[in-house]
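Asks: One structure, as structure tokens, below. Some questions next.
The values are calculated or read from the model by the stated rules, or taken from the named source; none is laboratory data. Nothing here was measured: the structure is a model prediction, and the numbers come from that model. Glycine also receives a Cβ, built like all others from the backbone with ideal geometry; neighbour counts cover every protein chain displayed. Side chains included, ligands, DNA and RNA excluded: accessible areas come from the protein's heavy atoms. Shrake-Rupley method; radii C 1.70, N 1.55, O 1.52, S 1.80 Å.
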Amino acid sequence: MTGPKPAAAFSTDEKQAVYRAIRTRRDVRSNFLPDPIADDMLNRLLLAAHHAPSVGFMQPWNFIIIRSPAVKTQIKSAFLRANAEAAQMFPERERALYSKLKLEGITEAPVNLCITCDRQRGGPVVLGRTQNRDMDLYSTVCAVQNLWLAARAEGIGVGWVSIFHDEDLRRILSLPDHVTPVAYLCLGHVDELWSEPELQAKGWRDRLPLQDLIFTDGWDQKSGDDSQSPAEAD
Ligand SMILES: Cc1cc2c(cc1C)N(C[C@H](O)[C@H](O)[C@H](O)COP(=O)(O)O)c1[nH]c(=O)[nH]c(=O)c1N2
């Protein structure tokens, strides 16, 4: 049936499940179990990704499923190269902690998944992308997040690895020029997850207070009667 349907709010249990998936989703870099991901499970995750919103309904994504140990080994080498460079970019104080962080699970995760964006999929003019060319990239990120949340519900851990030179990913995965690698993900069953972001647990950075991030009617405008920026209060 096509056409609008009633948009009733979810039941309390359903709402709790959605918020639980959002709150307890984690970026997973270690403790992947070696068990394979069944095809029907992987298909459900890809279908969740494929139901993401996209600019002009462009659906610019592709899903490159990587199970080959040889390909994973090449990807891991690309990561190691990039990560060694990255470590040098942090001030000495942070570098020691950075070097101790585990930031990928490429070879341990049974499935790696590269989600790409085909920048030409909708043709030269795409509804909603006429002035803002990067909307196709943002759409692809929506697909990543759908998959990440569905994976949480299924008990599958997902880790996003971005410490690469794009050209390495392009070469190893034979991507054509008009296709951008948006997310390189490591997927596998997990039996435990951090209860807070691992980076927070390990002292790298804390979650910011939400209230500090909310402005009303313009940048840096606080809502309410007592709204004064620190400069005005002085
Ligand atoms: C675009 C992008 C890119 C990366 C990440 C995320 C995103 C959105 N994250 C994961 C990131 O560190 C993590 O999401 C935050 O620390 C918050 O933790 P939770 O995701 O809530 O567990 C990430 N983690 C990691 O270990 N290596 C990486 O290269 C990246 N890259």
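Asks: Give me the extension gain from Ala38 to Lys222: residue separation times 0.36 nm, minus the current Cα-Cα distance, reported in nm with one decimal.
Replies: 61.3 nm
Asks: Run the dipole for the chain about the Cα centre, Lys and Arg Cβ at +1, Asp and Glu Cβ at -1, nothing else charged, and hand back the magnitude in debye, nearest 20.
Replies: 740
Asks: Can you tell me the length gained on complete extension of the stretch His178 to Trp194, counting 0.36 nm per residue apart and subtracting the Cα distance? Present the calculation step by step, with values, prior to reporting the outcome.
Replies: Details: separation 16, 0.36 × 16 = 5.76 nm, distance 3.72 nm.
Contour length minus the Cα-Cα distance gives 2.0 nm.
Asks: Charges at C-beta only: +1 for Lys and Arg, -1 for Asp and Glu. How large is the resulting dipole of segment 63-144 about its Cα centre, in Debye rounded to 20?
Replies: It comes to approximately 120 debye.
Asks: Something else now. Need one number for segment 46-204: average projected area of the convex hull over its C-alpha atoms, nm².
Replies: Across all orientations, segment 46-204 yields a mean hull projection of 10.5 nm².
Asks: Given H placed on each backbone N at 1.01 Å, which residues far from Gly157 in sequence or on other chains put an amide H within less than 5 Å of it?
Replies: Result for Gly157 returns Gly188, His189, Val190.
Asks: Summarise the accessible area of segment 46-204 (1.4 Å probe, protein heavy atoms) by the percent that is carbon and sulfur. Write out the running numbers ahead of the final one.
Replies: Details: 4430 of 7970 Å².
Carbon and sulfur atoms account for 56 percent of the accessible area of segment 46-204.
Asks: Can I ask one more? DSSP loop trypsin sites (Lys or Arg not before Pro) in segment 69-143 with at most 14 other Cβ atoms within 10 Å of their Cβ, which ones?
Replies: Sites meeting the loop and neighbour criteria: Lys102, Arg133.
Asks: Of Phe164, Leu199, Gly188, which is farthest along the charge dipole of segment 46-204 in the positive direction, counting Lys and Arg as +1 and Asp and Glu as -1 at C-beta?
Replies: Value: Phe164.
Asks: If the cut-off is 30 Å between C-alpha atoms, which lysines fall inside it for Lys76, apart from same-chain ones fewer than 8 positions away?
Replies: Lys100, Lys102, Lys202
Asks: Would you grab the residues whose amide H sits under 5 Å from the one on Gly105? Only those 5+ places off in sequence or on another chain, please, with H modelled 1.01 Å from N.
Replies: HN-HN under 5 Å from Gly105: empty list.
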